[in-house]
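Asker: First, the structure itself, so that you have it in front of you.
Please treat every number below as a calculation from the coordinates, not as lab data. Since the structure is predicted, the reported quantities are computational estimates derived from the model, not experimental observations. We place every Cβ from the backbone using ideal geometry, glycine too, and count neighbours over all the protein chains shown.
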Amino acid sequence: MTPSMARTLNAVGLLAVSLVLIAAFLDQVLLGELPCPLCLLQRVGFMGAALGLALNVKFGPHPGHYGVVILSACFGGMVSIRQILGHIVPGTGTYGSAILGLHYYSWALLVFGAIVLGCAALLFFERQFAEPEATPARASTFLIAMTVLAATLALATGVSTVLECGAGLCPDNPVVYELLQGPNPPRP
Amino acid sequence: MMSLPFFGLLAGFGCVLAGQRGAALLLWAVSMVVMLVLFRLHVTDALTIVL
């Protein structure tokens, strides 16, 4: 695998991770399902993995960049496992709605696992770590567009988190955007 | 406070686009530490499972 092929593959991975975050964000905005604190931390894991992919896209493939992706996925997966264990006993409730039979945190663990496996597989192609080649202009535009897309998602999620939680910690079961809620009426 | 890692990673993406590799890696590391601290602050109840 040549360095330019690896960069394009990383950009495709960046697009895939971005699609996961877009799906979560659309669910939040269109269906009104506010993300819980652990859901937000899993999104941080996805964003961290996206940053590692963006490093590969911009500076060329490097084992350290894959390390960033794998560690981020491990941290995110750790949060997913904690949330799954919190609901694993039947009758202890769930958080959010299920998609194709699995809740978001279960899907997140599967995707984090796929990210780790994918990076581990890519690390076997050692020719990608040779000196980077000059990439064609069109490919460069695609690569930069994917990085800008991921950065835009980080901004959107950060702003929505401020609206939801304000300056402090989020409640365990958020029901309203704290900063969009009007002032409490005076008590009689 | 929950938004800190998102803005840290946003700054990291900005560094990537600006060609600042070292700063991007530093911001990623700081964001992950903040994430783990927030995880510790939120996970306070014991799990009702037997391992």
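Asker: Kindly list the residues of segment A:76-114 that lie in the label zone of residue A:16, defined by a backbone N under 11 Å from the point 7 Å along the Cα-to-C-beta vector.
Answerer: Only A:111-114 pass the distance filter.
Asker: While we're on this one: Give me the percent relative contact order of chain A, please, defined on Cα pairs under 8 angstrom at least 6 residues apart.
Answerer: Answer for chain A is 31 percent.
Asker: For residue A:62 and residue A:175 in the same chain, what is the full-extension length gain: residue separation times 0.36 nm, less their Cα-Cα distance, in nm? Let's see the in-between values first.
Answerer: Working: separation 113, 0.36 × 113 = 40.68 nm, distance 4.25 nm.
Once the chain is fully extended between residue A:62 and residue A:175, it gains 36.4 nm.
Asker: Counting alpha carbon pairs within less than 8 Å and at least 6 residues apart, what relative contact order, in whole percent, applies to chain B? All intermediate terms of the calculation are to be shown ahead of the outcome.
Answerer: Values: 29 pairs, mean separation 18.8, N = 51.
Rounded, it is 37 percent for chain B.
Asker: Report, in degrees rounded to the nearest 10, the 0 to 90 angle that the Cα long axis of helix A:137-165 makes with the longest principal axis of chain A.
Answerer: 20 degrees
Asker: I'd like the distance between the alpha-carbon centres of segment A:1-29 and segment A:89-125, rounded to an integer number of Å.
Answerer: What the calculation gives is 16 Å, centre to centre.
Asker: Using a basic spin-label model with each label point 7 Å from the Cα along Cα→Cβ, how many nm lie between residue A:74 and residue A:148?
Answerer: The modelled label-to-label distance comes out at 3.5 nm.
Asker: Rounded, prolate or oblate: pick one for segment A:2-73, where a ≥ b ≥ c are the square roots of the eigenvalues of its C-alpha gyration tensor, a/c under 1.5 means rounded, and failing that, prolate if a/b is larger than b/c, else oblate. Walk me through the numbers before you get to the answer.
Answerer: Working: a/c = 4.52, a/b = 2.01, b/c = 2.25.
It comes out oblate by the Cα gyration axes.
Asker: Can you pull the one-decimal nm distance between simple spin-label points at residue B:26 and residue A:102, each 7 Å off the Cα toward Cβ?
Answerer: 3.8 nm
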